[in-house]
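Visitor: Supplied in structure tokens, the structure appears directly below.
The values are calculated or read from the model by the stated rules, or taken from the named source; none is laboratory data. Given the structure is predicted, the values throughout are model-derived calculations rather than measurements. Please note: Cβ atoms are built from the backbone with ideal geometry, for glycine as well, and neighbour counts cover all protein chains shown. Just the protein is used for accessible areas: all its heavy atoms, side chains included, with ligands, DNA and RNA removed. Shrake-Rupley method; radii C 1.70, N 1.55, O 1.52, S 1.80 Å.
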Amino acid sequence: MSDNGSPNHQKPEDAGQSEHLNIKVTDNNNEVFFKIKRTTQLKKLMDAFCDRQGKNIASVRFLFDGQRVQPTDNPETLDMQDGDTLEVHQEQIGGGC
Amino acid sequence: MSTPYRPNGPTHLRQEIVNLLAQPRHLLTHPQGNMLVVADRTHDNFETTKWGPDKSLQRRRYTIDVNTDVKWPIDRFPPHMTEAEIKDKFAREARWEKLTKENRHPEISPPGIIQKGKGKGKGKGSVLLPTPNDKKELDRPSFYNPDKNFHEYVEFPNSMIQNNEMLEINNYGSWYYDNTIAVGVDIIKNLTGCEKHGIAVMQPFMARNLAILGNSAAEDVDFRHYRTEVQMITAKNFVFIPVNDAYLQYEQTGNSAGSHWALVVVDCRDSDVSMKARYYDSLGRYGNMMEIAKMCAQGVFEIIRASSARFASRKGPDNNMNFEFEADGNTPNQNKDNVSTGDRGACGPFMLGLIKELVLSIVDHVEDYGPLSMDKIDLKLPPGFGNDFGFNSQKARWVLTSLIAREKRIQDLKPLGKVLRKKSVEPWYSAANHPCRTDTALEASCAYMRSRIHTLNVEKGAPAVPAVEDEDIDMEGIL
């Protein structure tokens, strides 16, 4: 009985430690640190970054490990670790003329 | 016996079944009121039910039910039917009867007997018939005319494109966004399989990172910030980089979208001794594009130099690498050498077309003559190439549009409908990621980069992150 009981006591502690993640969002000029839940949609983080930096969310791209991040993604689905970085890139366009 | 259900289908087949029904004794599967006719063709109307696809009908792909409106008592059902199945059948029949005549589809019969198996005799277990793939109604017209908004149109492994950008691709004279270029690059990579032949085609955001790296005056660069680029470039023979003039302006003003696309190809075949970069601009030398292209090539140069075992082991004045940069004068002009006259702003299609042409020429050469003949490949375009190339930007726009729409169709047909994301990225210094030059030199360079990263981690420690708790998201920690 006691063997079965001890892991049950440890689980909530482990889950509590890893519930929040520290994520750095950078566009190479500015760096913003966020602390978010693993299950929080990254849309919140994107909106917060764009509001703070005065950018239009439609004109920026968020990338994690070279892959585009969707607003509906969350740290858990992207397998993000504590201290990971989200890159922000301004949209580019070209035609020449 | 009431009027049997007549399946939808060609007239001759329907007549054949009606004829068969005229001899019910030969077709009776059970001696009671309900009757089952087993057909050897699919039930071809299950997609068009008024209430959406009926999975039970899909499952009975090779059967056609005949209803006689006579309910079977439970004790007279076929032996292979379980009690749950019989109850389910009655429930579905009850639902059917509740429907008004107007709501009933004329071509669909009420739910009949669930024939699950081939075995009709005693002791035969029910064997499931082969289940057809889930079919889905495709909204084909919307593939080429999606709603004009910023929603995702389709996602590729390393890129995605929005509806508004998809609408622009085929417009005469429209400019290309970085997403369009990224999707085009992904398509070229998938179609040519170029990565297996030592060719890396970078995405536009990687090009920007390379420009930042190449422009950086810092001596001790933290390569952790460039691990995607390092992973792509290490052990490659050619690196293709789409360059936009926004990179330098963005660094200076903090906000720029750019106005032109050009291509730079870095030749890393002799990267232990020298590196060559070749610049292809469809407008000659547009603005400060060449300067930015040089910065991108310099970024590749820095990564190669940092990951080279030779430069890691040798110190002093010999620790230098020759770096050549040259603009190709025979690059076709997007206005003069364009079959589709008047398509202003075609640098995007031109650049993608040139990437495809150069990548295919390398891949074909390696496949024809083997990897040892790689030294004979010359990236210099021959005189008169613009004429021979015969580039048609309008056709290129259409080809790109149709290929992206095709990918959308493929993904929409899949039950999941989405490209599966990679759960985690392999360490970029893993030799398994580099199929081209997995030799001892590469192993040594990987070991060097591993040790370097470890040193950087120890020296710099974890980034300073404010530890402030909040329910969902914490904005207090803004630096």
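Visitor: What length, rounded to one decimal in nm, is gained on full extension from residue B:285 through to residue B:147, with 0.36 nm per residue of separation minus their alpha-carbon distance?
Guide: Value of the extension gain: 45.9 nm.
Visitor: For region B:206-244, which residues drop by 20 square angstrom or more in accessible area between the chain on its own and all protein chains together (1.4 Å probe)?
Guide: Going by heavy-atom accessible area, the residues of region B:206-244 that drop by at least 20 Å² are B:208, B:209, B:212, B:225, B:227, B:228.
Visitor: Tell me the relative contact order for region B:140-415 as a rounded percent, counting alpha carbon contacts under 8 Å between residues six or more apart.
Guide: 21
Visitor: Hand me the GluC sites (Glu not before Pro) from region B:156-219 located in a DSSP loop with no more than 14 other Cβ atoms within 10 Å, in residue order please.
Guide: Loop-located and lightly packed - B:219.
Visitor: List the residues whose amide H sits under 5 Å from the amide H of residue B:391, counting only those 5 or more places along or on another chain, with H placed 1.01 Å from N in the peptide plane.
Guide: Result for residue B:391 returns B:339.
Visitor: How far is it, in nm, from the label point at residue B:85 to the one at residue A:58 when both lie 7 Å from their Cα along the line to the Cβ?
Guide: In this crude spin-label approximation the distance works out to 5.5 nm.
Visitor: In square angstrom and rounded to 100, what buried accessible area do you get between chains A and B, total over both, with the probe at 1.4 Å?
Guide: 4700
Visitor: I'd like the distance separating the alpha-carbon centroids of region A:26-97 and region B:204-232, in whole Å.
Guide: Answer, in whole Å: 18.
Visitor: Now for a separate question. Take the residue pairs B:236/B:294; A:24/B:408; B:196/B:395; A:37/B:294; B:294/B:356 and return only those whose Cα atoms are more than 30 Å apart.
Guide: A:24/B:408; A:37/B:294
Visitor: Residue by residue through A:81-89, how many Cβ atoms from other chains fall within 10 Å of the Cβ on average?
Guide: For this peptide, the per-residue mean of nearby foreign Cβ atoms is 3.
Visitor: I've got another one for you. Under a 1.4 Å probe, what is the accessible area of region A:20-90 per residue, stated in Å²?
Guide: On a per-residue basis, 37 Å².
Visitor: Same structure again: Would you work out what percent of the accessible area of region B:140-415, with all protein chains in place, is carbon or sulfur (probe 1.4 Å)?
Guide: Here it works out to 47 percent.
Visitor: Ranked from highest to lowest mean number of other Cβ atoms within 10 Å per residue, what is the order of the peptides B:259-268, A:27-36?
Guide: B:259-268, A:27-36
Visitor: Also, I was wondering about something else. Among B:403-413, B:237-247, A:83-93, how do they line up from the highest to the lowest mean number of other beta-carbon atoms within 10 Å?
Guide: Per-residue mean Cβ counts within 10 Å order the peptides as B:237-247, A:83-93, B:403-413.
Visitor: Same structure again: Relative to a virtual label point 7 Å from the Cα of residue A:31 in the Cα→beta-carbon direction, which members of region A:52-93 show backbone nitrogen distances below 18 Å?
Guide: Counting backbone N atoms under 18 Å from the label point, the list is A:53, A:63-65, A:81-89.
Visitor: Taking amide hydrogens as modeled 1.01 Å from N in the peptide plane, which residues meet the under 5 Å criterion relative to residue B:277, leaving out close sequence neighbours?
Guide: The list, which skips near neighbours in sequence, is B:267, B:324, B:325, B:326.
Visitor: How many partner chain Cβ atoms sit within 10 Å of a residue's Cβ in peptide B:347-359, on average, as a whole number?
Guide: Mean inter-chain Cβ contacts per residue within 10 Å come to 1.
Visitor: Go through region A:44-72 and flag every residue whose accessible area shrinks by 40 Å² or more with all protein chains in place compared to the isolated chain (probe 1.4 Å).
Guide: Buried by the other chains: A:44, A:52, A:58, A:61, A:65, A:66, A:67, A:68, A:70.
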